Every structure is written in C-alpha cells, then in structure tokens.
Amino acid sequence: MAQTNGIDQGDVMLLVGTRKGAFIVSSDQSREDWEVSGPYCDTNDIFHLVYDSRNGGTLLAAANDSIFGSQIKISHDLGRSWAESEQNPKISDGSDLAFSRSWHIEPGRESEPGVVYLGAEPASLFRSHDWGNTWEQHGTVTLHPTRDRWEPGLGGLCMHSMVLDPRSKQKMWVAISAAGVFMTEDGGETWEPKNRGVRADFLPDPFPEFGQCPHKLLSHPAKPDTLYQQNHCGVFRSDDGGDEWHDITAGLPSSFGFVLGLHAQDPDTIYVMPEDQVSTGEAGGFRRYVPNAKMIIYRSRNGGDDWEPLTNGLPQKNAFIHSMREGMATDSMDPCGIYLGTSTGQVFYSRDDGDNWELLVEYLPPINSLEIGIAK
C-alpha cells in the first residue's frame, strides 16, 4: 500500500530531528537504497521526532522556537500535513515554574491506548490521553523534596529520557540532567532517586543521592530490570531496576559521551560513542568530539563487561565528530541496524550489528535526534 512521500507499508523510516526542521529518511527492509523527504516544520528546532505505531501511525515532533515557544506538532500522513496540539503542555502544580522546552516524546504502552508521555524543561513530565492532542502535567516530580537543589546541565534542567516498565502502567524511570535518575511505582505520585553507585565527579561528594548528570537512559523490553545509562562520568548498568549501578566504563577511551543504543534482539548488546571531555581553558569551553578525531563506536555483547571498537567504514582522521544525547537509534531488523547522527549533519549507519558502517546522508542541519519507525 503506497503512502505519502513514496513511503510504502513496511518501510524502515529513520526520523531525524534537526535544528532546522525534521526529515524522514526511508528505505525498504533491505536498507540499501534510501530517500530523504523534508524538511518539515523547518522553522522549528526539532528536539525529538518519534513515530507512534499505534492507531494507524502518527508522527509527533517536539518543536521549539526561540520566539513562539514550544509546541507539539502532529502528522497522521507521514509528514504531508501537520497540526499543532490543541492544548500544549503547561506546568499546573502550583509551583512558580514556567514551561520552557519540550525534549522527549515517549509513546505509551500497548496497554494504554492514546497515552503519550513528554519530558520537558524545566524537568517536568506530561501525559496525553488523546494521542498528543491535549496535555496535562503528570506526577509530582516538580515538587520533589530535593527539587530546590537540582542544577541544570549545559543544555538546561531537562527531562530527556523515559523508560516505561512494560509490566506495570504505574512504574517508570526518568533521567534528568543534571539531577539523576528517578523512579515511580505509583503512577507519578511519588519519586525515588535511583543513583547509588553513579559518580558525579564535578561535585564535592562524588556519590551523592542526586545531582548526577545522565545523558541517556535505556532499557530493553525483554529485560526491563536491566537499565543502562551513558552518563557525564561514565557508562553504567543496573541489574535491579536502578537500586545499584555498576560502572562499566573500563575499556573505553573516555568516561564522557552522549549517545547510547540497544540491540533490538539481544538485551545484553549495547553501543556507545565516547567523546573527549577536556576543558579548553576558556569559560564554559570544552572539547567535545571523538578522541583523537577518530570516529569509533564501541560495542559490548555482555552488558558492558567487555568492549570492542567498531571502525570499518568510519572516518579515522580529521573526524571532529560530536553527537547529541538522542543521536543514536537502532532498528528492529535482523541483523540489527545501528544509526548515528552528528551535530555536523551526517548520519552513519550499519546494517550488520555494527560490524560495517556507511555514510547514509550528509549536509543535513545539525542533528538533535534519531528514531526508527516501521511505516503502517
């Protein structure tokens, strides 16, 4: 069944959010020949673009504008037309916080039709019951007793990751930069810090209850009690739902990085791309690109106990590559496809679990996010 933009049912769609709009890069399931469509919403800074495969398939974009503010934009026809949410998110908990920017959109579980979640800045959580058309504040994380001591990361005090427990509609984890990971088991009424064992080298106490700076948090649905995070200070794994974290950075050239990916079929296989975290000596200045200007993605097949460098097809000199926290995605094909987007507008990808890499597209605006969808 043909769909808009030449996209057919079953096609793989790489959804790209950039500083100057959104793009869809699509292919059949061979993933050999790709077409680029867009830009969509090209006056907006698209922090996140996601495909909700429920209800016939819906694109949702976290669109931010320096003048007109933040909006959630929706397309039911793969980008041909867009509409704004009738009611955009607004902080309504009685605090003096004002909604700033939308960061991450997370479609709800199959067991909660119509529900979509949104993480925002300042660190706050929202929920829609009508596929993103209207939004309400969800939970009390903005009223957490430690809230007045949370500090923003360089990107702001943002909730950028959400992990929904597939076994319970009441349980989820969120990651906030730079406050740490928090968990609720009662639908957002109460939140518990889950940061034991995670370093915060930039604080006087390197192992605080909260104040860590996670850059990305993920869990595989086949193994929901195992959580992974790429943190400001290393890569960490928890095997018990966040009660204890184990540092799995050993074997990587840097403890700093933004992206994190999970293999679709194997919950113990993960991917990261370390970057240098070296101060330039200037106020607020850091050298954040891949070590030695060599682009290397690291894969672990045993949950981070061992790492192997992946370089075949990736630039190994003069590669001043940087990727944002949402800049890695994996598809559901077998073998698994891995995708990496850069702040200089390139997408590199592998069709064979990361063994070999190709340049998929270049000359896009700076890339904020990548996600994968299968067209319905």
State which residue is farthest from the chain's Cα centre (by Cα) when the search covers only segment 18-37 and only residues that are closer than 15 Å to residue 80 by Cα and crowded, with 20+ Cβ neighbours inside 10 Å.
26
Of the residues in segment 292-343, those that are without any contact (Cβ under 8 Å) to a residue 40 or more places away in the chain, farther than 29 Å from residue 51 by Cβ and touching a strand residue (DSSP E or B) at 6+ places or on another chain (Cβ under 7 Å) number 2
Can you spot a residue in segment 53-72 that is in contact with a helix residue (DSSP H, G or I) (Cβ under 6 Å, 6 or more places away or on another chain), of a type outside the set (Val, Ile, Thr) and in a strand (DSSP E or B)?
no
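Quick grid of which residues meet (1) surrounded by 16 or more Cβ atoms within 10 Å (Cβ to Cβ); (2) out of contact with any Ser or Thr (no Cβ under 6 Å at 6 or more places or on another chain); (3) closer than 23 Å to residue 47 by Cα; (4) not aromatic (Phe, Trp, Tyr):
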{"position": "272", "(1), (2), (3), (4)": "yes, yes, yes, yes"}
{"position": "288", "(1), (2), (3), (4)": "yes, yes, yes, yes"}
{"position": "299", "(1), (2), (3), (4)": "yes, yes, no, yes"}
{"position": "310", "(1), (2), (3), (4)": "yes, yes, no, yes"}
{"position": "316", "(1), (2), (3), (4)": "no, yes, no, yes"}
{"position": "350", "(1), (2), (3), (4)": "yes, yes, no, yes"}
{"position": "359", "(1), (2), (3), (4)": "no, yes, yes, yes"}
{"position": "363", "(1), (2), (3), (4)": "no, yes, yes, no"}
{"position": "371", "(1), (2), (3), (4)": "yes, yes, yes, yes"}
Checked pairs for segment 205-231, first under 12 Å from residue 180 (Cβ atoms), second of a type in the set (D, E, K, R) and not in a loop (DSSP other than H, G, I, E, B), C-beta under 7 Å and 6 or more apart or across chains, list as 229/216
Report whether or not residue 153 is at pLDDT below 95, in contact with a strand residue (DSSP E or B) (Cβ under 7 Å, 6 or more places away or on another chain) and crowded, with 17+ Cβ neighbours inside 10 Å.
yes
Could you tell me which numbered condition residue 287 fails, if it satisfies all but one of (1) within 25 Å of residue 221 (Cα to Cα); (2) of a type in the set (Lys, Arg); (3) free of Cβ contacts under 8 Å to residues at least 24 places away in the same chain?
(1)
Okay, strands (runs of 3 or more DSSP E) sitting entirely in segment 169-223 with 1 or more residues that are under 20 Å from residue 93 (Cβ atoms), I get 172-177, 180-184
Quick check, is residue 65 more than 22 Å from the chain's Cα centre (by Cα) and surrounded by fewer than 19 Cβ atoms within 10 Å (Cβ to Cβ)?
no
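The values are calculated or read from the model by the stated rules, or taken from the named source; none is laboratory data. Predicted model only: the values in this text are computed from it and were never measured. Reconstructed Cβ throughout: ideal geometry from the backbone, glycine too, with neighbour counts over all protein chains shown.
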